[in-house]
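**Student:** Got a structure for you, questions after.
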Amino acid sequence: MKTFKSILEFQKTFSTDEKCRKELEQSRWHGTPACPHCGSINVCRFANGKVFKCREKECRKKFTVTVGTIYQNTKVPLTKWFLATYILSVHSKGISSLQLSNWLGVTQKTAWFLNHRIREMLKDTAPELLSGIVEVDETFVGGKEANKHKSKKLGGQWAKGKTMVFGAIAREGNVVTQIIPDTTKETLINAVRDNVEEGSIMVSDENAGYTGLKHTYKHARVNHSKGEYVRGAAHTNTLEGFWSLLKRQITGIHHSVSPKHLDRYCNEATYRYNRKQWAQDDRFNNALHQCERRLTYKTLINK
């Protein structure tokens, strides 16, 4: 794929659905079309160039390059899908469904659905365990008490009604996030074990929930409640920086998000953070490689 110097150049390169289809075929099949139903490469292309048919006797099904991808059965042109994918994969804080609807010329509801389907594409389904010096922490996502009506304030229960997110970041590597139901010791221990390689140096704050891991990890702590934020190499500032980016994305772009969809917003933020050194073209190309992840509207709204 060529290098794009601007979003205008990107739009010029993928100005028609035909150009988008050819790029999708190359990205998905690498020049050798394969049946998405049975996997056979014994296929033929129809004269219109869009439709294929499997020659295997047990299959014989017709298909296009979009079958089995997030683009299957879509009524939105591929040119708009590609532009939306490019924006979400490279834009520093993402884009709201309202702004995307204006840019693409679609309804806000359609743009909202596109956003979430693309976020599903950006999800890392098989992240490697983090190793080395790994910072762990949790944050709470939700409305601020100061912004609520007096009748809805929770008094000192500032965390009630918010969604908890666990995060772990390798000091010189990737970040992973996980929605958690609570911050009990059992929950935090399981979250660490799911994401951090045993024997790693784990750095946390003073939360007692992490103390049960001292026999599995080399545990270093900083006590934020006493004003201690750095002690030698022990700090959680790298992860705090990521939390700042995530919350700026949510409060600055989307203003508020539903707890049941928060995991996808986290997927979007971690995708861009873990590829921050990549060229924009490589991010888009990588996202396009992950298009075989379907998310139906029924599944989305019933979650």
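FYI, it's all coordinate maths here, none of it is from the lab. Fair warning: this is a prediction, and the values are worked out from it, not measured in the lab. Cβ sites come from the backbone with ideal geometry, for glycine too, and all protein chains shown count toward neighbours.
**Student:** Write out the GluC sites (Glu not before Pro) in the range 187-275 meeting two conditions: DSSP loop, and at most 13 other Cβ atoms within 10 Å of their Cβ. Mind dumping the intermediate values first?
**Tutor:** Working: sites: GLU197, GLU198, GLU206, GLU228, GLU240, GLU268; in loops: GLU197, GLU198, GLU206, GLU228.
Taking the range 187-275 and a limit of 13 other Cβ atoms within 10 Å, the loop GluC sites (Glu not before Pro) found are GLU198, GLU206.
**Student:** Here's something else I'd like to know. Counting other C-beta atoms within 10 Å, which of VAL136, VAL90, VAL257, VAL51 has the fewest, and how do the rest follow?
**Tutor:** Details: VAL136 27, VAL90 21, VAL257 18, VAL51 13.
Fewest to most other Cβ atoms nearby, the residues stand as VAL51, VAL257, VAL90, VAL136.
**Student:** Calculate, in nm to one decimal, what ARG55 and ALA126 gain on full extension: separation in residues at 0.36 nm each, minus their alpha carbon distance. Provide the component values of the computation, followed by the final result.
**Tutor:** On the way: separation 71, 0.36 × 71 = 25.56 nm, distance 3.36 nm.
Extending this stretch completely gives an extra 22.2 nm.
**Student:** May I have the count of lysine pairs in the range 193-273 with C-alpha atoms under 25 Å apart, counting pairs 8 or more residues apart or located on different chains?
**Tutor:** On the way: LYS214/LYS226; LYS218/LYS226; LYS226/LYS247; LYS247/LYS260.
Taking the range 193-273 as the scope, the lysine pair count is 4.
**Student:** Taking 0.36 nm per residue of separation and subtracting the Cα-Cα distance, what length does fully extending LEU8 through ASN207 add?
**Tutor:** Details: separation 199, 0.36 × 199 = 71.64 nm, distance 4.84 nm.
66.8 nm is the gain from fully extending LEU8 to ASN207.
**Student:** Enter the angle in degrees (range 0 to 90, nearest 10) between the Cα long axis of helix 237-248 and the first principal axis of the Cα atoms of the chain, meaning the one along which they spread out most.
**Tutor:** 60
**Student:** May I ask for the net charge around MET164, where only other residues with Cβ less than 10 Å from the Cβ of MET164 are counted and Lys, Arg are +1 while Asp, Glu are -1?
**Tutor:** Values: positive: LYS162; negative: GLU138, ASP182.
Once all neighbours under 10 Å are counted, the net charge is -1.
**Student:** Evaluate the relative contact order of the range 23-96 (contact order divided by residue number), counting alpha-carbon pairs under 8 angstrom at least 6 apart; express in whole percent. Before the final figure, lay out each step's value.
**Tutor:** Values: 68 pairs, mean separation 12.3, N = 74.
So the answer I get is 17 percent.
**Student:** In degrees between 0 and 90, to the nearest 10, how far off the longest principal axis of the chain does helix 108-122 point, with axes built from Cα atoms?
**Tutor:** 80
**Student:** Rounded, prolate or oblate: which fits the range 42-139, taking a ≥ b ≥ c as square roots of the Cα gyration tensor eigenvalues, rounded meaning a/c under 1.5, else prolate when a/b beats b/c? Don't skip to the answer; put the middle values down first.
**Tutor:** Details: a/c = 3.31, a/b = 1.43, b/c = 2.31.
Here the range 42-139 falls in the oblate category.
**Student:** When a/c is below 1.5 the answer is rounded, else prolate if a/b is larger than b/c, else oblate, so apply that to the range 203-303 with a ≥ b ≥ c taken from the square roots of the Cα gyration tensor eigenvalues.
**Tutor:** On the way: a/c = 2.09, a/b = 1.78, b/c = 1.17.
Prolate, because a/c is 1.5 or more and a/b exceeds b/c.
**Student:** Which value at 222 nm does the chain reach when only helices count, each DSSP H run of 4 or more adding -39,500 (n - 2.57), with the total divided by all residues and rounded to the nearest 500 deg cm²/dmol? Don't skip to the answer; put the middle values down first.
**Tutor:** On the way: 10 runs with 107 residues, N = 303.
When only DSSP H runs of four or more count, the value is -10500 deg cm²/dmol.
**Student:** Please work out the Cα center distance from the range 8-52 to the range 233-273, rounded to the nearest Å.
**Tutor:** Spelled out, the Cα-based centre of one part sits 35 Å from the other.
**Student:** In µm²/s, what is D for the range 158-238 at 10 °C and 1.306 mPa s, where D = kT/(6 pi eta Rh) by Stokes-Einstein and Rh is the Kirkwood radius from Cα pairs?
**Tutor:** Values: Rh = 13.4 Å.
Calculated translational D: 118 µm²/s.
**Student:** Any idea what diffusion coefficient the chain gets from Stokes-Einstein, in µm²/s, Kirkwood Rh on alpha carbon pairs, 37 °C, 0.692 mPa s?
**Tutor:** Values: Rh = 21.6 Å.
In µm²/s, the coefficient rounds to 152.
**Student:** I've got another one for you. What does the net charge come to around GLU135 if you take all other residues with beta carbon closer than 12 Å to its beta carbon, with K and R at +1 and D and E at -1? List each step's numbers first, then the result.
**Tutor:** Values: positive: ARG171, ARG221; negative: ASP137, GLU138, GLU172, ASP205, GLU240.
Local charge sum for GLU135: -3.
**Student:** Give me the angle, in degrees from 0 to 90, between the Cα long axis of helix 78-90 and the longest principal axis of the Cα atoms of the chain, rounded to the nearest 10.
**Tutor:** Roughly 20 degrees between the two axes.
**Student:** Order of LEU300, LEU122, LEU8 from fewest to most other C-beta atoms within 10 Å? Present the calculation step by step, with values, prior to reporting the outcome.
**Tutor:** Working: LEU300 16, LEU122 22, LEU8 9.
Placing the least packed residue first, the sequence is LEU8, LEU300, LEU122.
**Student:** How do PHE10, PHE46 line up, fewest other C-beta atoms within 10 Å first? Kindly include the intermediate steps, with their values, before the conclusion.
**Tutor:** Values: PHE10 20, PHE46 11.
Placing the least packed residue first, the sequence is PHE46, PHE10.
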